[in-house]
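Taking it in order: structure first as structure tokens, then the write-up.
The values are calculated or read from the model by the stated rules, or taken from the named source; none is laboratory data. What you see is a predicted model, and the numbers here were worked out from it, not measured in a lab. Glycine gets a Cβ as well: all are built from the backbone with ideal geometry, and neighbour counts include every protein chain shown. Note: accessible area is taken over every heavy atom of the protein model, side chains too, but ligands, DNA and RNA are not part of it. Shrake-Rupley method; radii C 1.70, N 1.55, O 1.52, S 1.80 Å.
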Amino acid sequence: MKQFLNFINGQYVATGKTFENRAPVDNRVIGLVHEAGTAEVDAAVAAARAALKGEWGRMNINRRVELLYAVADEINRRFDDFLEAEMADTGKPHALASHVDIPRGAANFKVFADIIKNVPTESFEMPTPDGGMALSYAVRSPIGVVGVICPWNLPLLLMTWKVGPALACGNTVVVKPSEETPATATLLGEVMKTVGIPDGVYNVIHGFGPGSAGEFLTRHPDVDGITFTGETRTGEAIMAAAAKGVRPVSFELGGKNAGIVFADADFDKAVAGIMRSAFENCGQVCLGTERVYVQRPIFEKFVAALKEKVHALKLGPSNEPGVGLGPLISAEHKSKVLSYYERARADGATVVAGGGVPKMPEALADGHWVQPTIWTGLPESSAVVREEIFGPCCHIAPFDTIDEAIALANDTRYGLATTVWTRDLATAHRMGREVQVGLCWINSWFLRDLRTAFGGSKASGIGREGGVHSLEFYTELRNVMIKL
Ligand code: NAD
Ligand code: 6OD
């Protein structure tokens, strides 16, 4: 049985208290996770603090950048180990994990190494009242010890998306991976050790949220800032913890994203795009589309085309050829998603596809499988249309005008992402300006240039990360003023 240990000050640390790690495909126990208590969290934070004062804190930027490149190269060298670990933890299809999760896990170190090496700081010459001159310039400093709290849907990708920039900026980190997906964060400790990242720079503590490692970390007075990806409700709890000591937070939270398809769109591309955005990673992508609005002239045709694609989706375990849909992450999440399937029926939805639990081969029968599902006919007030489900499902409704499409897209407390399908540039631009989200994709979805700003509006987040925007959270500017 695999043991997932904490990684503190360069050492793997067992604890007396373990919990089971289960494979989503069949609910088998695949490992035991060593839960960190306050002693381990204190030790990890102390190690991170000490590392700031040691070799890492004094390291010149060229060496830091070299080390981050080495981390990326080592992840790529051990690509298959990371791939196996991620697939076992999440059950996601091989094609997805091998093309998205693991390559991005490596890229997140290189991109931010390049950014930190090339970012300029401001400087101003100014005249002084005595007729002389002064020079004012900014120095960037790391914020210190960063707490990194991660979700389970894209475990390595989303963790390194925070650890990459944090380390590039010279901080040290204490990572709390999701209790559902401890594997790749643990494995990354081996990579850090192999390439020579000093002890204490990268630490991992395992456990849950409230009353466990997550809460202990966010309440720890020696953590200087918290970066968090997860549910909005959890963000509220973390923000309350961070208020003590007035510590900064960066939040990437939940969404209820709209996909808008105009009648002039390239029909096949729009169907394929919405298909991906609603069902990739079994709908467990924060950027995913759960509300689809299609302009009336093509509504019926669109629903029929999406239904056909959903019926063609193959469910199965990660390594089975042709699989496009894995299981949900856990039994608890399956119950949550199925409760919305029930609710849709109760609220009078037309179930266009799916709506229940698929019949799987006996070996997979205990896995967390649900059918990919499409509904029509629900009122906008239904919980199914208003609340984040985070499963392989979407509701499709018709609209007539662009004003109506904008109003529908914005009628939510969330504001993470939208995907718009049209050939008309003016329509595209108006949607980009008026839909209240952090990310608006036109004729595309989840197209990422890691130099661009990423984050959510309204209840979907606080702050932007990505490219130089990450520096706003992971560094502080000190202004130095020299009277010449
Ligand atoms: P979650 O909020 O339940 O858990 C995320 C992490 O927070 C876990 O590590 C958990 O242990 C920890 N946690 C929970 N309660 C805590 C507390 N009180 N104090 C400290 N830590 C605590 O989220 P999840 O179920 O793991 O992930 C799914 C959610 O994440 C969805 O809402 C999804 O939209 C969101 N998400 C958002 C983005 C984004 O970029 N906006 C990306 C991925 C996922
Ligand atoms: O691509 C990214 O950087 C990113 N943060 C993706 C988030 C996906 C959410 O599930």
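Shape class for region 1-105: oblate, because the ratio a/c of the largest to smallest gyration tensor axis (alpha-carbon atoms, square roots of eigenvalues) is 1.5 or more and b/c is at least a/b. Only helices enter the 222 nm calculation for the chain: every DSSP H run of n ≥ 4 contributes -39,500 (n - 2.57), and dividing by all residues gives -11500 deg cm²/dmol, rounded to 500.
The long axis of helix 299-312 is offset from the longest Cα principal axis of the chain by roughly 70 degrees. Take every pair of alpha-carbon atoms less than 8 Å apart whose residues are at least six positions apart; their mean separation over the length of region 257-449 yields a relative contact order of 30 percent. Prolate is the label for region 257-449. Its Cα gyration tensor axes, ordered a ≥ b ≥ c, give a/c of at least 1.5 and a/b above b/c.
Per residue, the average separation of C-alpha pairs within less than 8 Å and at least 6 apart gives the chain a relative contact order of 18 percent. The figure for T229 is an accessible area of roughly 10 square angstrom, using a 1.4 Å probe on the protein chains alone. Taking 14 Å as the cut-off, no amide N atom of region 446-462 comes nearer than this to a point 7 Å along the Cα-to-beta-carbon line of A240.
Applying a DSSP loop filter and a limit of 11 other Cβ atoms within 10 Å to the trypsin sites (Lys or Arg not before Pro) in region 305-371 leaves K314, K359.
Rounded to the nearest 0.05, the FRET efficiency derived from the C-beta distance between M59 and R140 at R0 = 22 Å is 0.90. Across region 48-147, the mean sequence separation of Cα contacts (distance under 8 Å, 6 or more residues apart), normalised by length, yields a relative contact order of 28 percent.
With a simple spin-label model that places each label point 7 Å from the Cα along the Cα-to-Cβ direction, the separation between R233 and D81 comes to 3.8 nm. Between K193 and D403, the simple spin-label model (points 7 angstrom out along Cα→Cβ) gives 6.5 nm.
A straight Cα-to-Cα reach below 16 Å connects K110 with the lysines K162, residues fewer than 8 places away in its own chain not being considered.
Given a 1.4 Å probe and the protein chains as shown, D400 ends up with an accessible area of around 70 Å². Accessible area ranking (1.4 Å probe, heavy atoms, ligands and nucleic acids excluded), largest first, for R386, R64, R28: R28, R386, R64. Potential lengthening of the chain between R343 and H311 amounts to 9.3 nm, from the contour at 0.36 nm per residue minus the alpha-carbon distance. The rule of thumb for compact globular proteins, 2.2 N^0.38 Å, goes into the C-alpha radius of gyration of region 216-260 1.32 times. Mind running the shape call on the chain? Use the C-alpha gyration tensor, a ≥ b ≥ c as the square roots of the eigenvalues: rounded below 1.5 for a/c, prolate if a/b tops b/c, oblate otherwise. Oblate shape, in that a/c is at least 1.5 and b/c is the bigger or equal ratio. Centre-to-centre separation between the Cα atoms of region 409-479 and those of region 326-347: 28 Å.
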